[in-house]
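Here is the structure we will look at, set down as structure tokens.
Every number here is computed from the coordinates shown, using simple stated rules; none is lab data. Just so it is clear, the structure is predicted and the values come from calculations on it, not from any experiment. When we count neighbours, we look across all protein chains shown, and the Cβ atoms used for this are built from the backbone with ideal geometry, even at glycine.
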Amino acid sequence: MNTAAGQGLGAQQPVLIPTALGVVECAVWGEGPVVLALHGAMGGYDQSVMLARAAVEGSGFQFVAVSRPGYLGTPLGEAREPERQADLCAALLDALGIQQAAVLAISGGGQCALQFALRHAGRCWGLVLVSACTAQLRVRLPLRFHLLKLMARLPWLTARLREKAAQRPEESAQRAIRDAELCRRTLADPVAGPMLTELQLSTMENMSRRLPGTQNDIVQSRRAFEYPVEQIAMPVLLVHGTVDEVVPFADSRSLAERLPLSELLVLEGGPHVSLFTHLHEIRGRVRRFLEGHRPA
């Protein structure tokens, strides 16, 4: 990055960047080849930061952690479809003076990541998809999402529940990790446990500013996928748990078979939050992948 837009930013602090396609909220830190981090539903730049911190341990890369359209400081505007979101990401890189980036996406960020690889192939040096939405979803929305929508209208209730979740993180974790022993081990891990708790607490902060993007993601994920993924020529690493109840593991397996240059990391017994339950396994593989394909 060589423009004033990215100079002097505090580590992992958000800024609003004007682009040719609209304002984008992001945090930029680190030095080295660029990795663009894209959060999932109920996210924002803060959860993109968490994704980068969790999946890529240590230094050696520069990260651009984005609030996708409809999340926190990035307006939903006209960038509803994954194609428009990918173009907005490219416009952000332009504004930051960045020519190329790998894309690291989780869950609902998967559609945008795939479209970036297709529409801006010359600017994408690698793709890492973690528990990512890469095919049309048909699973029913969990009851918890409808409760979150109600909570967003009652800030006092959200604040109370967030306080309770902070005091008893195991209750929130058990809803995300149904395997009791796996949940216990994850919370006991000195790295993964605090990260999982931080993620779950973040969804209850500024919740009303996360819902427009989340509702749009739900709409987009239910539409038919007709992406010509066979045209994605850059290296791709797919990471997915076998018992993911939100995004079927079979979707990543099917995509891996269609991609010319793909690797599939299978996480046995991994739920949708495998990034935390299998944190150390994922970190090692993602680091090797990025180091192995980083541009000269």
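Couple of notes before you dig in:
- Taking each residue as 0.36 nm, the span from VAL243 to VAL191 lengthens on full extension beyond its C-alpha to C-alpha distance by 16.5 nm.
- Taking each DSSP H run with n ≥ 4 as -39500 (n - 2.57) and averaging over every residue of the chain yields -13000 deg cm²/dmol at 222 nm.
- Packing rank of 216-222, 23-29, where each peptide gets the mean count of other beta carbons within 10 Å, highest leading: 23-29, 216-222
- Panel order for ILE98, ILE177, by other beta carbons found within 10 Å of each beta carbon, from fewest to most: ILE98, ILE177.
- Hz values of 3J(HN,Hα) by residue in the stretch 82-90 - Karplus curve (6.51, -1.76, 1.60), Gly and Pro given as x: x, 4, 5, 5, 5, 5, 5, 4, 5
- Listed by Cβ neighbour count within 10 Å, with the fewest neighbours leading, THR242, THR186 appear as THR242, THR186.
- Normalised contact order of the chain, rounded percent, pairs of Cα under 8 Å and 6 or more residues apart: 20
- Convex hull projection area averaged over all views, the stretch 143-208, Cα basis, nm²: 4.3
- Take each peptide in 103-112, 261-270, count the other Cβ atoms within 10 Å of every residue, and average; sorted highest first, the result is 103-112, 261-270.
- In sequence order, calculated HN-Hα J values of the stretch 132-138 (Karplus, 6.51, -1.76, 1.60; Hz; x Gly/Pro): 8, 6, 10, 7, 4, 8, 10
- Pair-distance profile P(r), taking every C-alpha pair of the chain, with 10 angstrom steps and integer %: 6, 30, 39, 21, 3, 0
- Amide H contacts of LEU264 (H built 1.01 Å from N, under 5 Å, at least 5 apart or other chain): LEU238
- Among THR74, THR277, THR197, the largest mean-square fluctuation in a Gaussian network model of the chain, built with springs joining Cα atoms closer than 10 Å, belongs to THR197.
- Neighbour-count order for LEU118, LEU129, fewest beta carbons within 10 angstrom listed first: LEU118, LEU129
- Check: the stretch 143-208 dipole with +1 on Lys, Arg Cβ and -1 on Asp, Glu Cβ, in debye: 340
- At most 12 other Cβ within 10 Å, DSSP loop - trypsin sites (Lys or Arg not before Pro), the stretch 230-296: none
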